[in-house]
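Asker: Attaching a single structure in structure tokens format; questions to follow.
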There are 2 protein chains.
Amino acid sequence: MEQRVSLITLGVAHVTRARTFYEGLGWRGQEVAGTVFFQAGGLALVLWGRDELARDGGIDDGHEGGSGGSGGSGGSGGFGGVALAQNVRSPEEVDAVVAAAERAGATVTRPPATTFYGGYAGYFTDPDGHVWEIAHNPGFTLAEDGSLILPDFGTS
Amino acid sequence: MEQRVSLITLGVAHVTRARTFYEGLGWRGQEVAGTVFFQAGGLALVLWGRDELARDGGIDDGHEGGSGGSGGSGGSGGFGGVALAQNVRSPEEVDAVVAAAERAGATVTRPPATTFYGGYAGYFTDPDGHVWEIAHNPGFTLAEDGSLILPDFGTS
């Protein structure tokens with residue numbers, strides 16, 4: 001596994017509220033299908049509904065009955081509402097990295113599979129429950145040095 | 001506030017266990033005073049004790065009586081065990097960014113102050129409780145493009 005991070009996704013309760021906050025800090029992003037992408041150096045900071053993020057990753061968010069529950073597993077180990085992603089150059093590399101992570105002791109929460117956006121991705125958690133996605137996304141450019149470059153989605 | 005991330009700190013229950021996991025993935029880092037730093041492209045991924053991270057940031061980790069409690073506030077809003085940091089070029093810039101964040105609606109959890117490592121930093125949380133540190137750390141190089149470059153600590 002290369003030593004880099006392509007995206008940091010922050011799970012949020014209300015995407016518009018979160019976007020307004022980051023725009024208040026001077027950040028400028030693009031919204032696609034309810035997800036906001038900010039280019040931040042060689043990676044992207046992403047705002048996405050926390051429930052959708054957990055569902056996408058096969059993660060138990062520690063509560064029942066929808067968003068905002070309070071029956072969770074705070075302290076160590078529970079879903080922290082954040083996912084790190086490393087984008088790789090092929091579906092085969094997704095398989096290889098997720099398999100290597102499992103051998104290293106990761107819990108695979110979503111075995112690699114095709115994604116709704118036409119890519120291929122799997123998720124695992126590290127020993128403390130931190131969430132990683134390994135993804136091949138043909139729509140996002142990976143520079144030679146591993147930097148992720150967002151496309152111009154034609155949105156604002 | 002510039003649109004970039006300098007460090008991603010993962011709060012962990014056992015630093016050695018976490019380091020062993022990431023090394024099992026092929027990552028190579030440096031350990032300094034119980035903290036592990038991995039250069040990951042233009043940022044650093046950091047492993048630090050979750051309790052120390054929460055304490056450093058003035059964050060309530062949602063449990064009493066030390067690590068591993070289960071009385072937390074899972075679901076949205078509680079401490080997710082992750083902190084993002086943006087390193088800036090002066091203590092004055094720390095003050096300015098934290099003040100701007102507060103005006104944008106952030107909760108300042110630790111007002112800017114000198115740090116144990118000889119820097120100057122403050123922390124805030126975004127509307128979903130995601131933790132940001134804004135830091136001036138004279139020991140870490142910031143490249144012209146904002147990339148963070150770890151020093152050689154002379155450790156392994």
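Asker: Go through (1) touching a strand residue (DSSP E or B) at 6+ places or on another chain (Cβ under 9 Å); (2) surrounded by fewer than 21 Cβ atoms within 10 Å (Cβ to Cβ) and name the single condition A:W132 misses.
Answerer: Answer for A:W132: the failing condition is (2).
Asker: Give the residues of region A:110-156 that are closer than 16 Å to A:V97 by Cβ, in contact (Cβ under 8 Å) with a residue 40 or more places away in the chain and aliphatic (A, V, I, L, M), sorted by residue number.
Answerer: The answer is A:V131, A:I134, A:A135, A:L142, A:L148.
Asker: Out of B:G71, B:G66, B:G139, B:G154, report the one residue that is at pLDDT below 95 and in contact with a His (Cβ under 6 Å, 6 or more places away or on another chain).
Answerer: Numbers: B:G66 fails: in contact with a His (Cβ under 6 Å, 6 or more places away or on another chain); B:G139 fails: in contact with a His (Cβ under 6 Å, 6 or more places away or on another chain); B:G154 fails: in contact with a His (Cβ under 6 Å, 6 or more places away or on another chain).
Of the residues listed, the single one that is at pLDDT below 95 and in contact with a His (Cβ under 6 Å, 6 or more places away or on another chain) is B:G71.
Asker: Right, here's the next one. Are any residues in region B:1-44 outside any helix (DSSP H, G or I) and aromatic (F, W, Y), and if so, which ones?
Answerer: In the first step, residues of region B:1-44 are kept if they are outside any helix (DSSP H, G or I); the result is B:1-14, B:25-44.
Once the filter is applied, which keeps residues that are outside any helix (DSSP H, G or I) and aromatic (F, W, Y), region B:1-44 yields B:W27, B:F37, B:F38.
Asker: Can you tell me which residue is most open to solvent (accessible area, probe 1.4 Å) among those in region B:73-129 that are charged (D, E, K, R) and away from chain A (no Cβ under 14 Å)?
Answerer: The extreme case among them is B:E92.
Asker: Quick one: would you say A:G26 is on the phi > 0 side of the Ramachandran plot and either under 15 Å from the mean Cα position of the chain (by Cα) or touching a residue at least 24 places away in the same chain (Cβ under 8 Å) (or both)?
Answerer: No: the conditions fail for A:G26.
Asker: Inspect all residues belonging to region B:121-129 and state whether any of them is at pLDDT 95 or above and hydrophobic (A, V, I, L, M, F, W, C).
Answerer: Yes, because at least one residue in region B:121-129 is at pLDDT 95 or above and hydrophobic (A, V, I, L, M, F, W, C).
Asker: Okay, next question. Sort out which residues of region B:130-156 are assigned to a loop (DSSP other than H, G, I, E, B) and within 14 Å of another protein chain (Cβ to nearest Cβ), and write them in order of number. Talk me through it step by step, then tell me what you get.
Answerer: The initial filter retains those residues of region B:130-156 that are assigned to a loop (DSSP other than H, G, I, E, B), namely B:130, B:137-140, B:143-147, B:150-156.
Result: B:H130, B:A143, B:E144, B:D145, B:G146, B:S147, B:L150.
Asker: Now for a different question. Among the residues of region B:46-57, is there at least one that is within 7 Å of chain A (Cβ to nearest Cβ) and not charged (D, E, K, R)?
Answerer: Looking for residues that are within 7 Å of chain A (Cβ to nearest Cβ) and not charged (D, E, K, R), one finds none in region B:46-57, hence no.
Residue-by-condition table, conditions (1) in contact with a strand residue (DSSP E or B) (Cβ under 9 Å, 6 or more places away or on another chain); (2) within 7 Å of chain B (Cβ to nearest Cβ); (3) surrounded by fewer than 17 Cβ atoms within 10 Å (Cβ to Cβ); (4) within 16 Å of A:I149 (Cα to Cα):
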site	(1), (2), (3), (4)
A:T9	yes, no, no, yes
A:H14	yes, no, yes, no
A:A18	yes, yes, no, no
A:G29	yes, no, no, yes
A:V32	no, no, yes, yes
A:T35	yes, no, no, no
A:A40	yes, yes, no, yes
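Asker: Among (1) modelled with pLDDT under 95; (2) under 17 Å from A:N87 (Cα atoms), which single condition is A:I134 missing?
Answerer: It is condition (1) that A:I134 fails.
The values are calculated or read from the model by the stated rules, or taken from the named source; none is laboratory data. Keep in mind it's a predicted model, so treat the numbers as computed, not measured. So basically every Cβ, Gly included, is an ideal-geometry build from the backbone, and we count neighbours across all protein chains shown. Please note that ligands, DNA and RNA were not included when accessible areas were found on the heavy atoms of the full protein model with its side chains. Shrake-Rupley method; radii C 1.70, N 1.55, O 1.52, S 1.80 Å.
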